[in-house]
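Each remark here refers to the structure printed beneath this line.
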Amino acid sequence: MVQGLYWVWYAIGAILMLTIGVPDVLSFSNGLFLIFYALYVLDLIYKGRYRTGMSDRSVIWKEPSLWLASFIIWLGGMGIEWLGVHTEWPFGAYSYSDFFGIHLFSVPVTLGFAWIAVVGNSALLSGGGSTWRSKWVRAIKTGFWAVLMDFVLDPVAHARGFWHWEAPGGLYGVPWTNFVSWFIMGAFLSLFLPAMPGDRSTLLRAKWLYQLFILLFGVLALKEGITGSFVIALAGVLLAEGSWLYDSRRKVQIV
């Protein structure tokens, strides 16, 4: 159900953003999209863990480790955004518009869900078990996938007024410190997640989810004249495909 709801929302949003834009009467849907993205990612992680025997719980709300990790990522994401908005550190000087809904201390509440979605989706691509060595390796990979997505997302969001960067420079008006911070925060927050599932079905869906998300913003970048982010989006799609093709975990097929 969650997956179907996300893809319907994605399709409608993609059509609107690529054509007439999102009407004011549907502005609430922007924040909901981030929430649905986060729920889809959590659903993928949980169902994959259950299928592969990592969890013996038959319903998602009975696996506290995943909910606790989600709350920590939400809180950590909101906390670093609050710090960024009010101190200009570590991302740089920026402020949010009302595009993503209700604000809490000048930060949209739905941004916490965006962090869950990006970190979770990137961690699914990265894999990794429950040992600390495995988690640190996963963290580095997660930081890479997260910042790759942000190279596409942030310039488009800035150009479309989702949020506003105050100082010029960097990549299409987005300071380089922002991307460094995304890598570090994505890597760090991923450490709280449990071991990622490795069955073929979960990995395939996680790959499609990541690819279609950055592809949408890549096309939006091209529409805005941000050619560099469009090229990065295409590279990201190909890298995700290559990672999938050479990932030994995809050979595990569990119905």
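The values are calculated or read from the model by the stated rules, or taken from the named source; none is laboratory data. The model shown is predicted, which means the values in this text are computed figures rather than measured ones. Counting neighbours? That spans all protein chains shown, and the Cβs are built from the backbone with ideal geometry, glycine included. Heavy atoms of the whole protein, side chains included, go into the accessibility calculation; ligands, DNA and RNA do not. Shrake-Rupley method; radii C 1.70, N 1.55, O 1.52, S 1.80 Å.
Do you know which residues across the range 62-88 are at pLDDT 95 or above and not in a helix (DSSP H, G or I)?
Listed by number, the list is empty, since nothing qualifies.
Take the residues in the range 114-132 that are open to solvent by 10 Å² or more (accessible area, probe 1.4 Å), out of contact with any Gly (no Cβ under 8 Å at 6 or more places or on another chain) and part of a helix (DSSP H, G or I); name whichever of them is nearest to ALA206 (Cα to Cα).
LEU125
Could you tell me which of the residues LEU212, LEU216, LEU238 is part of a helix (DSSP H, G or I), surrounded by fewer than 21 Cβ atoms within 10 Å (Cβ to Cβ) and more than 16 Å from the chain's Cα centre (by Cα)?
LEU238
Taking the range 7-31 as the search range and keeping residues that are more than 15 Å from LEU220 (Cα to Cα) and free of Cβ contacts under 8 Å to residues at least 40 places away in the same chain, which one is least open to solvent (accessible area, probe 1.4 Å)?
Checking each candidate, the answer is SER29.
Given the residues PHE151, PHE99, which is the only one that is part of a helix (DSSP H, G or I) and open to solvent by 20 Å² or more (accessible area, probe 1.4 Å)?
The conditions single out PHE151.
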